[in-house]
Amino acid sequence: MDDPRLLLLCDQDNVLVACRRIEAGETIIVGGEPHILVKAVELGHKLARLPIAPGVKVVKYGVPIGSATQSIGPGEHVHIHNLKSDYTKTHVIAETGS
């Protein structure tokens with residue numbers, strides 16, 4: 001059972017979608033297990049439904065939307081800090097010393 005604030009769009013998905021903003025420190029239920037959010041999650045953002053290993057496809061709407069760049073545990077925020085698109089270039093601005 002998953003938290004009612006999280007939406008499973010397709011049975012094949014390994015992410016859930018936040019139906020509203022959920023604040024840091026709040027407990028969510030994913031797969032029947034409690035998880036405390038380290039950071040706030042905005043409306044429409046993804047949280048891991050299952051453990052996702054580096055390189056594994058992140059699936060939303062039943063289709064892969066990218067690949068995990070690091071291990072992502074159940075209940076963790078899935079976004080550009082741990083997901084790379086397989087379809088569009090990811091741009092990172094490197095800091096340069098002056």
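The values are calculated or read from the model by the stated rules, or taken from the named source; none is laboratory data. From a predicted model like this one, the values you see are computed outputs, not experimental measurements. Heads up, the Cβs are rebuilt from the backbone with ideal geometry, glycines too, and the neighbour counts pull from every protein chain shown. Note: accessible area is taken over every heavy atom of the protein model, side chains too, but ligands, DNA and RNA are not part of it. Shrake-Rupley method; radii C 1.70, N 1.55, O 1.52, S 1.80 Å.
State the extension gain, in nm to one decimal, for the chain segment bounded by Lys57 and Leu43, taking 0.36 nm per residue of separation less the distance between their alpha-carbons. If you can, show how the numbers build up before the last one.
On the way: separation 14, 0.36 × 14 = 5.04 nm, distance 2.22 nm.
Going from the current span to full extension adds 2.8 nm.
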Keeping every protein chain present and rolling a 1.4 Å probe, give me the accessible area per residue for the chain in Å². 63 Å²
Note the listed values [x] 12, 31, 27, 18, 8, 4, 1; [y] 15, 47, 30, 8, 0; [z] 16, 47, 27, 7, 2, 0, then indicate which one is P(r) over Cα pairs in 10 Å bins from 0, in percent calculated from this particular structure. [z]
Simple spin-label estimate for Lys84 and Glu33 in nanometres, 7 Å along Cα-Cβ: 2.7 nm
Rel. contact order, % - alpha carbon contacts under 8 angstrom, at least six apart, the chain: 24 percent
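Probe radius 1.4 Å, ligands and nucleic acids ignored: give me the carbon and sulfur share of the accessible area of the chain as a rounded percent. Let's see the in-between values first.
Details: 3630 of 6200 Å².
Summing carbon and sulfur atoms, their accessible area is 59 percent of the total for the chain.
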For Lys39, counting only aspartates and glutamates whose alpha-carbon sits under 12 Å away and dropping same-chain residues fewer than eight positions off, the answer is Glu23, Glu26, Glu76
For a label point 7 angstrom out from the Cα of Leu7 toward its Cβ, which stretches of the stretch 13-51 have the backbone nitrogen within less than 17 Å? 13-22, 41-49
